[in-house]
Structures are given as structure tokens and as C-alpha cells.
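**Student:** Mind having a look at this structure? Questions to follow.
The values are calculated or read from the model by the stated rules, or taken from the named source; none is laboratory data. Computed from a predicted structure; not experimentally measured. Cβ coordinates were reconstructed from backbone atoms using ideal geometry, including for glycine residues, and neighbour counts include every protein chain displayed. Only protein heavy atoms, including side chains, enter the accessible area calculation; ligands, DNA and RNA are left aside. Shrake-Rupley method; radii C 1.70, N 1.55, O 1.52, S 1.80 Å.
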Amino acid sequence: VLELLRGLQRGSGDRKSSLSHLRWALQNKETQQKFVRLDGSIRTLIGLFTSSLADMQMEAARCLHELSHSSDPAVAEACLPVTSYLLTYLSGHSIELTELCLYTLGNLVVESEAVRKQLLPQGIIPVLASCIQSPHEAVLEGLGYVLSQLLQAKEAPTEIIPLVLDSILPQHMLRLVCSGLKAAVGAAMEFAWCLHYMVCSPAASAALLALGALPALAMLLMDLASELSPDAPEGLELLICPVLRCLGNLLAEETGCEAQVRDERLLIALFLILQHFLQQHSFIVQECLWLLNNLTADEPFFCSALLSLDLLPALLQLLPRSQLAGVLVLTVLCNIAVKGPAYCQQLHQQPALPLLLPTLALPDPGVVGQCLELLHLLFLHWPEAAADFIRQGGHQALEQHQSTPELQERAQALLDMVGQPLGASSFSPCLTTLSTFS
């Protein structure tokens with residue numbers, strides 16, 4: 001590597017071949033660390049990167065890209081002098097060079113706070129904003145990658161998100177996400193994650209709601225559900241996941257905004273997605289259930305729709321799937337039951353109670369605790385459910401938790417309830433909207 005560098009510095013021999021060999025060598029972690037310590041190494045690469053010879057420039061850009069893959073912050077900081085040139089070439093005519101510069105920038109900002117602090121005054125956000133109207137899918141995907149890395153930085157809420165909100169980026173990101181099926185799925189996926197990281201900041205959440213993000217993303221989810229088939233585009237779940245997360249986070253941040261998406265088709269879309277990814281991608285199931293929880297937490301419309309569309313049996317089938325799925329299903333059922341007697345009557349008429357008995361026998365206190373909460377609401381609002389529960393052996397199922405410290409008080413309260421027609425209870429209100437996924 002030292003000989004290659006000396007050859008490049010002297011300008012002797014085939015410099016393009018030397019650069020190609022150097023790029024190959026820089027795939028090694030130790031070589032990366034040694035290279036940046038060599039006198040004049042980065043300066044030499046910058047000289048070639050800014051040369052007027054296009055093939056030399058591309059090879060130097062590839063070497064810098066290899067260096068940007070290093071997980072050593074010292075290597076990233078050694079590349080500080082190149083950041084202004086990387087930004088400059090984002091407005092160039094070569095699509096391949098622009099794409100390479102974007103991914104190099106994205107890799108550098110991940111590893112080094114010093115790089116991020118240098119790029120912000122250099123105007124990285126306005127430069128990225130000028131790229132977002134590019135017609136080239138490769139550029140848009142690279143742009144989404146850089147933004148997603150910046151928005152995950154620890155200083156993003158105070159230093160980066162305000163700059164993004166002051167630019168044209170949010171509305172264009174939303175537009176590109178919502179046109180993802182018709183254009184670039186990869187770019188749409190990257191920008192969907194960008195929106196997710198922004199939603200975690202209250203100011204950004206309010207700005208996105210004002211842009212109509214909630215109904216736009218809900219409509220996109222319906223479109224995505226309609227595309228699910230054996231020949232659906234590969235990797236569609238990688239777009240669906242951040243869209244689900246964004247919707248769930250927006251609903252968790254703002255109460256009352258459920259009215260913007262009051263559409264039964266959204267529930268149908270959720271269950272189509274659940275069914276499609278049930279076997280292969282369980283993380284999608286959890287995301288769907290979390291969004292369903294936040295839809296039903298305060299909004300009676302979605303509770304009524306879930307029952308009237310006969311979606312409850314499909315929901316109950318997910319109860320034994322996993323610990324997290326079980327808690328989420330039970331929380332959705334609690335959201336329905338807390339709405340009062342009419343809702344509890346309908347839950348009682350569905351085959352819910354027979355599935356709750358084996359749930360009470362599970363070893364997980366979180367699942368059992370949420371099951372006890374649901375039973376409390378059912379017994380409180382619809383005493384006929386309590387009588388049925390006892391007939392099916394529920395008394396014994398409750399008694400087994402009298403010796404479990406975190407459950408014994410609630411189990412005893414339920415035993416007291418089933419021993420009288422109807423009475424007050426010491427239960428706390430049920431869990432509704434879940435906190436934001438990050």
C-alpha cells in the first residue's frame with residue numbers, strides 16, 4: 001500500500017491501475033487504519049478525486065468510499081478534508097459519481113460526530129434538498145440513505161431535524177414515499193424510515209401531520225395491501241414496515257388525529273398484510289398489531305368497525321403466536337372492552353373466553369396480567385361473561401395466580417367479582433395508546 005501511495009504521489013506508471021489495487025486493499029480494516037496514518041495519503045486521494053480525468057476521479061471516489069466503510073471513527077475523521085468536495089460533486093452531471101458521493105457521505109456521518117458537525121455548517125441539508133428532485137432512482141435512494149443516517153444521530157432532534165423542517169425535504173419525502181409503488185421502492189423505503197425518525201421528534205410530528213402525512217400514509221398502506229400477491233415486488237415488507245411504524249407513531253404522538261384516517265378499508269388492509277406476512281415476517285405482524293392498538297385506543301369507530309367487519313376471529317388467532325403478539329392482541333381487546341357494555345356483549349358473543357382460559361395458564365406475567373385486565377372489563381360491563389367464565393373452569397384458572405406476587409391482587413379481585421353480581425374493583429385503567437417505537 002505504501003508503494004502504491006508513493007507511485008500515486010510521483011505520478012509514475014499506470015495511476016489508474018494503482019488506484020484500482022489500492023481500492024481492493026482498502027477493503028481490509030487494518031489497511032484502512034494504516035493508510036490514513038501515512039503522510040499525505042488523504043491529500044493525494046483528494047487531488048485525484050478532484051482531477052479533470054473522469055476515470056481517475058471515479059477510481060479515487062471508490063477508494064474514498066471503501067475508507068468510509070470503516071467502523072473506526074479515526075478513519076472517518078481522517079476523511080474530514082474530503083467532505084466539502086463530496087458535497088460539491090452532488091450537483092455534478094455524473095449519476096454514478098453522485099450516487100457514490102452520497103453513500104460515502106452516509107457512511108461517514110454514521111461513524112463520526114466530528115464529520116456531522118463539519119457537514120452541517122457546510123450546508124449539507126440545502127445540498128441534499130437540491131438533490132431530492134432528481135429523476136434518477138439511484139440518486140434518490142442514496143439521498144434517502146444519507147438522510148436516514150443523519151436523522152438517527154443523537155444530536156438530530158436539536159441540530160438536524162430543525163434544518164430539515166426548514167427545507168423542502170419533508171413534503172418531497174412524503175411525496176416520494178407515497179409514490180413508492182409507482183416509482184422507486186428502494187428510495188421510498190429509505191424516505192419512509194426518514195419520516196419515522198422524524199416522527200420521534202414532537203415538532204417534526206406536528207409538521208408532518210400538517211402536511212397530511214396521516215391520510216397520505218394510510219392511503220399508501222391500503223395501496224400496498226392491494227398489491228400483495230404471489231408475484232408482488234420483492235422486499236415489499238421493507239417498505240410496509242416503516243409505513244406501519246410512521247402511522248403508529250403519529251397516532252401515539254397526537255390524540256384525536258385518528259379522525260383523519262377514519263376508514264374501514266384501513267383495518268381491512270391491516271389484516272390483509274397480517275395474513276400475507278404471518279409465516280415469513282413476524283416483525284410485520286407485531287407492527288400491524290401495534291398500529292391496530294393505537295387506532296382503537298381512543299377511537300370507537302375502529303372498535304366498532306373491527307367487530308362489524310367480523311375481524312375479531314382473525315385477531316384472536318394471533319393470541320398464542322408470541323409473547324409480544326399476545327400482549328398486543330389483549331390490549332386491542334381491552335381497548336374495545338373499555339368502551340362499555342355494548343362492546344363487551346359483542347366480545348362475549350365471539351369465541352373470546354375459551355381462548356382466554358389457556359392464556360391464563362401461560363408462564364408469562366405480562367400476557368397473563370393483560371388477560372386479567374380484559375376479564376375485569378368484561379365482567380364489569382357484561383356480568384353474563386363472568387357467569388360463562390366460571391362455567392368453563394375460570395375459577396380454577398384464577399386461583400392458580402393467587403401465589404404469584406405481581407398477579408395475586410388482580411386475580412383475587414376477579415375472584416371477588418365473580419362471587420357477587422357486580423361490584424367496584426381495585427383494577428387500574430387499561431393500557432391504551434402504546435409509546436412510540438424508536
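**Student:** Helix 237-253 versus the longest principal axis of the chain: what angle, 0 to 90°, nearest 10, using Cα atoms?
**Tutor:** Approximately 60 degrees, to the nearest ten.
**Student:** Using the Cα centre of the chain as origin and beta-carbon charges of +1 (Lys, Arg) and -1 (Asp, Glu), tell me which of GLN370, ASN335, LEU26 is placed farthest towards the positive end of the dipole.
**Tutor:** LEU26
**Student:** For region 1-122, what does the relative contact order come out to in percent, with C-alpha contacts under 8 Å and a separation of six or more?
**Tutor:** Details: 128 pairs, mean separation 26.5, N = 122.
Result for region 1-122 is 22 percent.
**Student:** Residue separation times 0.36 nm, minus the C-alpha to C-alpha distance between ARG43 and GLN402: what's the value? Mind showing how you got there, number by number?
**Tutor:** Values: separation 359, 0.36 × 359 = 129.24 nm, distance 7.23 nm.
Residue separation times 0.36 nm, minus the Cα-Cα distance, leaves 122.0 nm.
**Student:** Using only the Cα atoms, work out Rg/Rh for region 1-122, with Rh taken as the Kirkwood radius, to two decimals. Could you put the intermediate results ahead of the total?
**Tutor:** Working: Rg = 13.3 Å, Rh = 14.2 Å.
Taking Rh as the inverse mean 1/r over Cα pairs, Rg/Rh reads 0.94.
**Student:** If I take the Cα coordinates of region 79-123 and project them onto the principal axes, what are the three extents in Å, biggest first?
**Tutor:** 29, 18, 14
**Student:** Just in region 263-316: which chymotrypsin sites (Phe, Trp or Tyr not before Pro) are loop by DSSP and have at most 10 other Cβ atoms within 10 Å?
**Tutor:** On the way: sites: PHE271, PHE277, PHE283, TRP290, PHE301, PHE302; in loops: none.
Here no chymotrypsin sites (Phe, Trp or Tyr not before Pro) fit, given the DSSP loop and packing criteria.
**Student:** Sticking with this structure for a sec: Using θ = phi - 60° and the Karplus curve 6.51 cos²θ - 1.76 cosθ + 1.60, what whole-Hz ³J(HN,Hα) does each residue of region 184-189 get, with Gly and Pro shown as x?
**Tutor:** Each residue of region 184-189 in turn: 9, 5, x, 5, 4, 4 Hz.
**Student:** Please work out how much accessible surface LYS117 shows to a 1.4 Å probe, ignoring ligands, DNA and RNA, in Å² rounded to 10.
**Tutor:** Accessible surface of LYS117 is approximately 90 Å².
**Student:** Whenever you get a sec, line up LEU244, LEU176 from highest to lowest accessible area (probe 1.4 Å, protein heavy atoms).
**Tutor:** Working: LEU244 0, LEU176 25 Å².
The ranking, largest first, comes out as LEU176, LEU244.
**Student:** Can you tell me the dipole magnitude for the chain around its Cα centre, using point charges on the Cβ only (Lys, Arg +1; Asp, Glu -1), in Debye to the nearest 20?
**Tutor:** About 980 debye.
**Student:** Report, to the nearest 10°, how far helix 264-277 tilts away from the longest principal axis of the Cα atoms in the chain, using its own Cα long axis and a range of 0 to 90°.
**Tutor:** The angle comes out at about 70 degrees.
**Student:** Springs between alpha-carbon atoms under 10 Å, Gaussian network over the chain: tell me which of SER229, SER112, SER148 tops the mean-square fluctuations.
**Tutor:** Answer for the Gaussian network model of the chain: SER229.
**Student:** What relative contact order, as a whole-number percentage, does the chain give when Cα pairs under 8 Å and 6 or more residues apart are counted? Can you show the working numbers first?
**Tutor:** On the way: 538 pairs, mean separation 38.5, N = 438.
After rounding, I find 9 percent.
**Student:** Roughly how many Å² of THR359 are accessible to a 1.4 Å probe, to the nearest 10?
**Tutor:** Approximately 10 Å² for this residue.
**Student:** With the dipole of the chain worked out from charges on the C-beta (+1 for Lys and Arg, -1 for Asp and Glu) around the Cα centre, which of LEU211, LEU353, SER52 lies farthest toward the positive end?
**Tutor:** SER52
**Student:** When only the heavy atoms of the protein chains count and the probe is 1.4 Å, how do SER201, SER17 rank by accessible area, highest first? Intermediate results must be reported in sequence, preceding the final value.
**Tutor:** Numbers: SER201 10, SER17 45 Å².
Sorted by accessible area, descending: SER17, SER201.
**Student:** Can you give the accessible area of HIS136 in Å² (nearest 10), computed on protein heavy atoms with a 1.4 Å probe?
**Tutor:** Probe radius 1.4 Å; accessible area of HIS136 about 80 Å².
**Student:** Moving on to the next point. Add -39500 (n - 2.57) for each DSSP H run of 4 or more in the chain, then divide by its residues: what number comes out at 222 nm, to the nearest 500 deg cm²/dmol? It would help to have the intermediate numbers written out before the result.
**Tutor:** Values: 28 runs with 300 residues, N = 438.
My calculation for the chain gives -20500 deg cm²/dmol from helical runs alone.
**Student:** Something else now. Based only on the alpha carbon positions, what is the Kirkwood hydrodynamic radius of the chain, in angstrom?
**Tutor:** One decimal place: 24.8 Å for the Kirkwood radius.
**Student:** If you don't mind, there's one more thing I want to ask. Rounded to the nearest 20 Debye, what is the dipole magnitude of region 1-122 about its Cα centre when Lys and Arg each give +1 and Asp and Glu each give -1 at the C-beta? If you can, show how the numbers build up before the last one.
**Tutor:** Values: 12 positive and 13 negative charges, 53 e Å.
Its charge dipole is roughly 260 debye.
**Student:** Here are some pairs, LYS16/LYS154; LYS34/LYS117; LYS29/LYS117; which of them have Cα atoms lying more than 30 Å apart in this structure? Provide the component values of the computation, followed by the final result.
**Tutor:** Values: LYS16/LYS154 39 Å; LYS34/LYS117 25 Å; LYS29/LYS117 25 Å.
Pairs exceeding the cut-off: LYS16/LYS154.
**Student:** In region 234-357, what is the volume of the convex hull around the alpha carbon atoms, normalised per residue and reported in Å³? Mind showing how you got there, number by number?
**Tutor:** Working: hull volume 12.4 nm³, N = 124.
Given the Cα convex hull of region 234-357, per-residue volume reads 100 Å³.
**Student:** Next question. Hey, if we sort HIS395, HIS93 by accessible area with the 1.4 Å probe, largest down, what's the order?
**Tutor:** Numbers: HIS395 70, HIS93 180 Å².
Heavy-atom accessible area, descending, gives HIS93, HIS395.
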